[in-house]
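Data block below; observations after.
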Amino acid sequence: MKSYKPRTKSLRHTKTVTYRGVLTATEPVKALTKGFKRNVGRNADGRITVRHKGGGHKRLFREVDFLLQKYNIPAKVETIEYDPNRSGFIGVVVYADGARSYNLLPKGVNVGDTVLISEDAPLKQGNRLPLRKIPVGTFVYNIEFLPNGGARIARSAGIYAEVVANNEGQAHLKMPSGEIRKVPEQCWASIGAVSNEEYKLRNLGKAGRSRWLGIRPTVRGTAMNPVDHPYGGGEGRQGRGTKRPKTAHGKVTGGRKTRTPKKYSNKLIVARRKTKRSR
């Protein structure tokens, strides 16, 4: 982590990820990028469906390969790069057939290292295998939920899932949330944990840096008017005035189960994640 001399109030507590000595390229590969319009929390009708999003610096989209179907073709890591659209580092990998693509990199992989997508690949950082070939206790990332469905799970900085069992054609994975879930053994996963594990330790230091990232301010419900929030109104500081905690739309939070009772994936969950109440 990088800390700063307190030349200003905001720099006193600022901590950022150290990129010097880690990243090897400052500009992305033009052929693997494109422009795009961010939704910033709006749906197709332009209505806000996720609050506290908007603004931020313009971004260029890197076309990261999450399908990863270049089987049995070794690839060499050419660069390690920053991606403004995700927390982990990405890198250009060059396959033996000359093809190039952006891949999400695990920690411990450096420029010049070789990665392989194969059923017979060695158990090495960055290599990709079917879950049936990965032994119990191995950390994996970029995990498929459906065969040939592309990587869906464990893609954020420093994140990994652990293979805890293989039984009856199903691999049991301990997710980052603590949930243990069944995934078909035919699905593929990459060995290791996602790079940039220090990401969670950063301190933005000032409100302006949040705005650069597209994060808008969050206002406390108790500071609002009664028309805007169930906690609003009152003279001076008031209690929330409701029996249970609620969102701005009156939906009960904290203690009420929200998962659909007959959800299709219930049968795939071996152990539920640890909630705050169960801790």
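Each reported figure results from applying straightforward, stated rules to the coordinates on display, with no laboratory input. Bear in mind the structure is a predicted one, so any value in this text is a computation, not a measurement. Here the Cβ is made from the backbone with ideal geometry for all residues, glycine too, and neighbour counts use every protein chain on show.
Tell me, what is the percent relative contact order of the stretch 18-200, built from C-alpha pairs under 8 Å that lie six or more residues apart?
19 percent
What number, in nm² with one decimal, is the all-direction average of the projected area of the convex hull of the alpha-carbon atoms of the stretch 18-200?
The orientation-averaged projected area of the Cα hull of the stretch 18-200 comes to 11.8 nm².
Towards the positive end of the charge dipole of the chain, with charges on Cβ (+1 Lys, Arg; -1 Asp, Glu), say which of Ala171, Phe139, Gly234 has the farthest Cα.
Farthest towards the positive end: Gly234.
Can you list the aspartates and glutamates whose alpha carbon is less than 17 Å from that of Lys133, not counting same-chain residues fewer than 8 positions off?
Result set, ordered by chain and number: Glu119, Asp120, Glu144, Glu162, Glu168, Glu185.
Using a Gaussian network model of the chain whose springs link C-alpha atoms within less than 10 Å, name the residue from Lys107, Lys267, Lys15 with the highest mean-square fluctuation.
It is Lys267.
Filter Lys53/Lys246; Lys5/Lys274; Lys2/Lys182; Lys246/Lys267 down to the pairs with a C-alpha to C-alpha distance above 32 Å, please.
Cα-Cα > 32 Å for Lys5/Lys274; Lys2/Lys182; rest within.
Quick check for me: using +1 on Lys/Arg Cβ and -1 on Asp/Glu Cβ, what's the dipole size of the stretch 217-267 about its Cα centre, in debye to the nearest 20?
620 debye
Distance from a point 7 Å along Cα→Cβ of Leu146 to each backbone N in the stretch 163-201: keep the residues under 20 Å and list them by number.
Inside the label zone: 169-173, 181-190.
Based on the alpha carbon coordinates of the stretch 40-140, what radius of gyration and maximum Cα-Cα distance (Dmax) apply, in Å?
Looking at the stretch 40-140, its Cα Rg and Dmax stand at 17.2, 49 Å.
Could you pull out the GluC sites (Glu not before Pro) across the stretch 127-199 that fall in loop regions by DSSP (anything but H, G, I, E, B) with no more than 10 other Cβ atoms inside 10 Å?
Glu168
Determine the dipole magnitude for the stretch 63-142: charges of +1 sit on the beta-carbon of Lys and Arg, -1 on that of Asp and Glu, nothing else is charged, the reference point is the Cα centre, and the result goes in debye to the nearest 20.
The calculation lands at about 280 debye.
Starting from the Cα-Cα distance between Lys15 and Ser3, subtract it from 0.36 nm times their residue separation and give me the gain in nm to one decimal.
Between Lys15 and Ser3, full extension yields an extra 3.8 nm.
If you take every DSSP beta bridge whose two residues both sit in the chain, what share of them, in percent to the nearest 5, is antiparallel?
Counting DSSP beta bridges with both partners in the chain, the antiparallel share is about 95 percent.
Checking the cross-link filter: which lysines have an alpha carbon closer than 24 Å to that of Lys9, excluding same-chain neighbours under 8 positions apart?
Once the sequence-local lysines are set aside, what remains near Lys9 is Lys200, Lys206.
What are the extents of the Cα atoms of the stretch 132-227 along their three principal axes, listed from largest to smallest and rounded to whole Å?
Over the stretch 132-227, Cα extents along the principal axes are 56, 33, 23 Å.
In the stretch 57-143, which GluC sites (Glu not before Pro) are in a loop and have at most 16 other Cβ atoms within 10 Å, using DSSP for the loop call?
Qualifying residues, ordered by number: Glu63, Glu78, Glu119.
Straight-line reach only, C-alpha to C-alpha below 20 angstrom: list the lysines that Lys76 could link to, leaving out same-chain residues fewer than 8 apart.
List returned: Lys30, Lys107, Lys124.
Using helices alone, I'd like the mean residue ellipticity at 222 nm for the chain: each DSSP H run of four-plus residues gives -39500 (n - 2.57), total over residue count, nearest 500.
Value at 222 nm, helices only, nearest 500: -500 deg cm²/dmol.
Tell me, what ³J(HN,Hα) does each residue in the stretch 232-238 have, in order and in whole Hz, if you take phi through Karplus 6.51 cos²θ - 1.76 cosθ + 1.60 with θ = phi - 60° and put x for Gly and Pro?
After applying 6.51 cos²θ - 1.76 cosθ + 1.60, I find x, x, x, 8, x, 7, 10 Hz.
Spelling out what I want: for every residue of the stretch 113-121, take phi, set θ = phi - 60°, compute 6.51 cos²θ - 1.76 cosθ + 1.60 (Karplus), and round to whole Hz; glycine and proline get x.
6, 9, 10, 9, 10, 6, 5, 9, 5
Counting only residues 5 or more places away or on other chains, whose amide H sits under 5 Å from the amide H of Ala165 once H atoms are built in the peptide plane?
Those qualifying (amide H under 5 Å, at least 5 residues apart or on another chain) are His172.
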